[in-house]
Amino acid sequence: MQKQQWLQHAVAPRPVCFASTIDKEGNVNLSPFSFFNLFSSNPPIVVFSPARRVRDNSTKHTLENVLEVPEVVINIVDYDMVQQVSLSSCEFPKGTNEFIKAGFTQEAATLVQPPMVKESKVKMECKVVEVKPLGSEGGAGNLVICEVLRMHVDDSILNAEGTMIDQRKLQLIARLGGDWYCKVDEQSLFHVAKPNTQLGIGIDALPETIRNSSVLTGNNLGQLANVHEYPTVDATFEDERLKNIIQYFSINPDEMDKELHKYAKELLDAGNVTEAWQVLLADS
């Protein structure tokens with residue numbers, strides 16, 4: 001139990017798979033799992049893991065169901081649903097319909113037998129490709145490897161063009177350790193420039209004065225080193241604060257370095273990498 005708690009607190013946040021399944025008698029089950037993620041886009045593969053219970057080594061109804069009927073609907077959980085989703089995780093007796101217990105609405109799927117959760121804004125109809133046990137003791141996972149056959153996305157979470165999910169509109173939740181969760185919203189979202197075809201110059205290519213800065217953080221250095229070629233001084237760059245720093249601190253190079261780094265850090269923290277480089281190059 002202690003091992004499980006340490007791991008779940010450290011490996012987080014984890015997205016939540018809200019899985020609806022059905023047994024061979026037609027009994028529906030609905031249960032959340034935070035051991036869940038996307039592992040392939042072509043073919044589209046998602047994996048979740050109904051682990052064996054630590055306290056008594058018993059298995060979950062979801063696992064038993066997918067072994068009988070290898071189909072599942074994975075309903076994505078947002079903030080509006082989280083309390084009901086948590087309620088559905090109670091260990092109700094086999095045969096109990098958690099849709100009813102948790103107050104969700106069953107919606108017929110189009111390709112698989114288990115129903116979808118109408119309230120979920122993203123639903124994935126899946127066939128179970130494989131169930132891979134990871135052990136036989138309490139706490140051992142069972143990887144349910146699923147191929148997404150069809151995805152249903154509510155129009156309310158699309159961008160203005162209707163071409164993609166707007167991450168700001170889908171307030172996803174994620175599981176942490178214990179009773180802790182987190183919510184994805186405007187306050188928690190931030191951009192990180194992603195290198196694709198062009199390579200970043202790397203932190204090792206930064207001047208020693210920048211690498212060893214007492215002001216710039218590792219994140220700041222990562223931003224500066226993510227440019228694909230070393231910047232040069234832009235003669236057209238105009239900045240009043242930069243002029244003031246050079247004017248007031250030019251007689252003390254060490255203090256000027258520190259002030260330039262402070263200003264560059266503010267720019268980097270605001271995502272203005274090009275301007276931060278120009279500030280730092282002013283001392284070259």
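The values are calculated or read from the model by the stated rules, or taken from the named source; none is laboratory data. Predicted model only: the values in this text are computed from it and were never measured. Counting neighbours? That spans all protein chains shown, and the Cβs are built from the backbone with ideal geometry, glycine included. When the accessible area is computed, the model is the full protein with side chains, heavy atoms only, and any ligands, DNA or RNA have been set aside. Shrake-Rupley method; radii C 1.70, N 1.55, O 1.52, S 1.80 Å.
Within segment 188-275, which helices (runs of 4 or more DSSP H) (wholly inside it) include 2 or more residues that are touching a residue at least 12 places away in the same chain (Cβ under 8 Å) and within 30 Å of residue 171 (Cβ to Cβ)? Even if it seems obvious, please write down each step before you answer.
Details: elements: 208-211, 218-224, 240-249, 253-269.
Of the helices (runs of 4 or more DSSP H) lying wholly inside segment 188-275, those with at least 2 residues that are touching a residue at least 12 places away in the same chain (Cβ under 8 Å) and within 30 Å of residue 171 (Cβ to Cβ) span 218-224, 253-269.
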* Is it true that some residue in segment 91-109 is assigned to a loop (DSSP other than H, G, I, E, B) and in contact with a His (Cβ under 8 Å, 6 or more places away or on another chain)? -> yes
* Do you know which residues across segment 209-252 are open to solvent by 90 Å² or more (accessible area, probe 1.4 Å), aromatic (Phe, Trp, Tyr) and over 12 Å from residue 278 (Cα atoms)? -> 248
* Somewhere in segment 77-84, is a residue closer than 17 Å to residue 21 by Cα and either assigned to a strand (DSSP E or B) or open to solvent by less than 80 Å² (accessible area, probe 1.4 Å) (or both)? -> yes
* Name every residue in segment 122-166 that is within 18 Å of residue 66 (Cβ to Cβ) and charged (D, E, K, R), in order of residue number. => 123, 125, 127, 130, 132, 147, 150
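Quickly run through segment 148-170 and pick out the residues that are surrounded by 12 or more Cβ atoms within 10 Å (Cβ to Cβ) and under 21 Å from residue 73 (Cβ atoms).
Residues satisfying the conditions are 148, 149, 150, 151, 152, 153, 154, 157, 158, 165, 170.
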* Give me the pairs: first residue in segment 149-170 and part of a helix (DSSP H, G or I), second residue open to solvent by less than 90 Å² (accessible area, probe 1.4 Å), beta-carbon distance under 8 Å, and six or more apart or on different chains, which are they? -> 155/162; 156/121; 157/121; 157/122; 157/165; 157/166; 157/170
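Specify the residue that is most open to solvent (accessible area, probe 1.4 Å); the eligible residues are those in segment 1-39 that are of a type in the set (A, V, I, L, M) and part of a strand (DSSP E or B).
Let us first name the residues in segment 1-39 that are of a type in the set (A, V, I, L, M), namely 1, 7, 10-12, 16, 19, 22, 28, 30, 38.
Then drop every residue that is not part of a strand (DSSP E or B), which leaves 19, 22, 28, 30, 38.
On the way: 19: 0, 22: 19, 28: 23, 30: 0, 38: 113 Å².
Among residues in segment 1-39 that are of a type in the set (A, V, I, L, M) and part of a strand (DSSP E or B), the one most open to solvent (accessible area, probe 1.4 Å) is 38.
Could you tell me whether residue 129 is more than 18 Å from the chain's Cα centre (by Cα) and open to solvent by less than 50 Å² (accessible area, probe 1.4 Å)?
Working: more than 18 Å from the chain's Cα centre (by Cα): yes; open to solvent by less than 50 Å² (accessible area, probe 1.4 Å): no.
Answer is no for this residue.
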